[in-house]
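Have a look at the structure below before the remarks.
The values are calculated or read from the model by the stated rules, or taken from the named source; none is laboratory data. Treat the numbers as computed from the prediction; the structure is a model and nothing was measured. Here the Cβ positions follow ideal geometry from the backbone for every residue, glycine too, while neighbour counts run over all protein chains shown. The accessibility values were calculated without ligands, DNA or RNA, using every heavy atom of the protein model including side chains. Shrake-Rupley method; radii C 1.70, N 1.55, O 1.52, S 1.80 Å.
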Amino acid sequence: MTTDCCALIESSSGFSVCLSIERPEIMAIGQKMEEICPEAYMNGYNWEAFLQHYLAKKAPHLLEGMGGDPEAGMYAAYYGPGPENRQKAQALLETIQTLVKQPEPIYQLLEQEGDQIPWD
């Protein structure tokens, strides 16, 4: 499943959820995040830091078995194969899509806890 900025990719080794942070809508969210919390320069590493913090509070089960692969222009999370991991990857994709479409929870979390996130 793919949207303009997110994709769920299935392979023999498992499932990956990719966020293209160079898309204009994601760059705009990242700019607002940095205005709220100057440490939050939103490259792939800081998207990973933010999502780890967010998921630990809102959906900790999605962190179980999840790996990350941040880059300058992309963030990817991955899970191994299996139906349970497919469900987790799908839920992570939907979580990211919701945050991108309605970013207010991102901004609120940064205002309240931005100094608690281990930024890159």
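What is the calculated FRET efficiency for Ala91 to Tyr45, with r their C-beta to C-beta distance and R₀ = 25 Å, to the nearest 0.05?
On the way: r = 23 Å, r/R0 = 0.91.
My answer for the efficiency is 0.65.
Among Phe50, Ser13, Ile29, whose Cα sits farthest toward the positive end of the charge dipole of the chain (+1 at Cβ of Lys/Arg, -1 at Cβ of Asp/Glu, about the Cα centre)?
After comparing all options, I get Ser13.
What distance in nm separates the two pseudo spin-label positions at Glu84 and Ala59, each 7 Å out from Cα along the beta-carbon direction?
In this crude label model, Glu84 to Ala59 measures out at 1.7 nm.
Could you give the nm distance between label points at Tyr107 and Glu35, where each point is 7 Å from its Cα heading toward the beta carbon?
In this crude spin-label approximation the distance works out to 0.7 nm.
If we count every other residue with Cβ under 13 angstrom of Ile106's Cβ, Lys/Arg +1 and Asp/Glu -1, where does the sum land?
Details: positive: Lys32, Lys57, Lys58, Lys101; negative: Glu25, Glu34, Glu35, Glu104, Glu111, Glu113.
Result for the local shell: -2.
Using a Debye calculation, one point per C-alpha and no hydration shell, please list log10 I(q)/I(0) for the chain at q = 0.09, 0.14, 0.22, 0.23 Å⁻¹ in order.
-0.22, -0.53, -1.33, -1.44
Can you tell me, using C-alpha contacts under 8 Å and at least 6 residues apart, the relative contact order of the range 64-120 as a whole percent?
16
Taking the Cα centre of the chain as origin, work out the dipole magnitude from +1 charges on Lys and Arg Cβ and -1 charges on Asp and Glu Cβ, in debye rounded to 20.
On the way: 7 positive and 18 negative charges, 83 e Å.
Magnitude of the dipole: close to 400 debye.
Sorted by average packing, counted as other Cβ atoms within 10 angstrom per residue and highest first, what order do 15-22, 28-35 take?
Values: 15-22: 20.6, 28-35: 16.1.
The peptides rank, most packed first, as 15-22, 28-35.
How large is the accessible surface per residue of the chain, computed with a 1.4 Å probe and reported in Å² as a whole number? Kindly include the intermediate steps, with their values, before the conclusion.
Numbers: 6390 Å² over 120 residues.
I get 53 Å² per residue for the chain.
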